[in-house]
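The structure appears right after this line, and notes come after that.
The values are calculated or read from the model by the stated rules, or taken from the named source; none is laboratory data. This is a predicted model, so every value here is computed, not measured. Cβ: placed from backbone, ideal geometry, glycine included. Neighbour counts: every protein chain shown. Note: areas computed on protein heavy atoms with side chains; ligands, DNA, RNA excluded. Shrake-Rupley method; radii C 1.70, N 1.55, O 1.52, S 1.80 Å.
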Amino acid sequence: MKDSKVIVVSGMGGSGKTTIVKGLIKRYPNSKCLSFDDYDIDALPSAPAISTPIEITVNQYDVSALLIDLKAAYGRYSYLFVDFPFGYKHKAIQEMVDKVIYVKTPLDICFARRLIRDFKGETTDNIQKMARHYLSFGRPIFIDYERFIIQDVDLVIDGALKSDENIEIIDTILP
């Protein structure tokens with residue numbers, strides 16, 4: 001095998017990126033998943049402050065470990081599905097990407113999914129504190145992020161749909 005097709009799936013936390021990538025791995029034999037979350041990139045000391053606009057910070061995220069694994073897998077699989085929030089915007093992997101799919105999910109659904117996923121066993125006070133922080137601080141950041149990332153993607157899918165429906169839509173653009 002000479003080349004792999006690198007397909008990036010982007011979207012906000014709770015948008016359904018991971019679910020879509022898992023479905024694509026099942027659908028396409030000889031494929032591999034690389035996930036941003038596996039590298040703790042946004043937790044590295046070098047990660048920029050979340051309050052700084054994404055246009056300024058996107059290339060400040062150190063994706064070198066992800067890039068090493070991407071290059072190592074390249075050519076060994078037909079498809080490399082990368083769960084990566086920055087789409088085409090991060091210059092370090094931009095040239096390797098064949099397609100970017102953006103999972104556009106209403107913010108209320110993202111919020112509810114993250115609440116269910118990340119706040120199991122939390123106290124009511126902690127959940128309310130997180131909700132207040134989201135409303136006063138996080139929501140504007142998420143809106144800015146989506147506006148920036150979605151500008152040049154190849155396909156926007158609806159994260160409120162069932163993942164099987166979205167995978168059928170994705171099938172129409174994959175080589």
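If you place +1 on the Cβ of every Lys and Arg and -1 on the Cβ of every Asp and Glu, how big does the dipole about the Cα centre of the chain come out, in debye to the nearest 20?
Details: 22 positive and 24 negative charges, 51 e Å.
So the magnitude is around 240 debye.
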Inset, instruction - Normalising by the residue count of the stretch 30-175, find the relative contact order in percent from Cα pairs under 8 Å and 6+ residues apart. - result: 28 percent
Legend entry - Max mean-square fluctuation residue, GNM over the chain, Cα-Cα springs under 10 Å, options Gln128, Gln94, Gln151: Gln128
Inset, instruction - Calculate I(q)/I(0) for the chain by the Debye formula, one identical point scatterer on each C-alpha and no solvent, and give its log10 at q = 0.18 Å⁻¹ to two decimals. - result: -1.24
Legend entry - Cα-based helix-to-principal-axis angle, 64-73 vs the chain, degrees rounded to 10: 30 degrees
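For the stretch 99-160, what's the relative contact order in percent, using C-alpha pairs closer than 8 Å and at least 6 residues apart?
Details: 34 pairs, mean separation 48.9, N = 62.
Reported relative contact order: 79 percent.
Under a Cβ-only charge scheme (Lys and Arg +1, Asp and Glu -1), can you give me the dipole magnitude of the stretch 44-133 about the Cα centre, in debye to the nearest 20? Show your work: numbers first, answer last.
Values: 12 positive and 10 negative charges, 33 e Å.
The dipole magnitude comes to about 160 debye.
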Legend entry - Whole-Å semi-axes of the ellipsoid equivalent to the stretch 1-91 (Cα gyration tensor, √5λ, descending): 24, 15, 10
Inset, instruction - Sticking to Cα atoms, compute the Rg of the stretch 5-51 to one decimal and its Dmax as the biggest Cα-Cα distance, whole number, in Å. - result: 13.0, 40
Inset, instruction - Whenever you get a sec, compute what percent of the accessible area on the stretch 24-175 sits on carbon and sulfur atoms (1.4 Å probe). - result: 54 percent
Inset, instruction - Once every Cα of the stretch 106-175 carries one equal point scatterer and solvent is ignored, give the base-10 log of I(q)/I(0) from the Debye formula at q = 0.17, 0.27 Å⁻¹, two decimals. - result: -0.80, -1.21
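For the stretch 47-107, report the translational diffusion coefficient in µm²/s to the nearest whole number, using Stokes-Einstein at 37 °C, 0.692 mPa s, and a Kirkwood Rh over Cα pairs.
Working: Rh = 13.1 Å.
Rounded to a whole number, D works out at 251 µm²/s.
What Kirkwood radius, in Å to one decimal, follows from the Cα pairs of the stretch 130-171? Please report the intermediate quantities before stating the final value.
Working: mean 1/r = 0.0810 Å⁻¹.
Evaluated over the stretch 130-171, this radius sits at 12.3 Å.
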Legend entry - Per residue, in Å², the accessible surface of the chain once ligands and nucleic acids are set aside, probe 1.4 Å: 54 Å²
Inset, instruction - Take the chain, connect every pair of alpha-carbon atoms lying under 10 Å apart with a spring to form a Gaussian network, then pick out the residue of Pro140, Pro85, Pro48 with the largest mean-square fluctuation. - result: Pro140
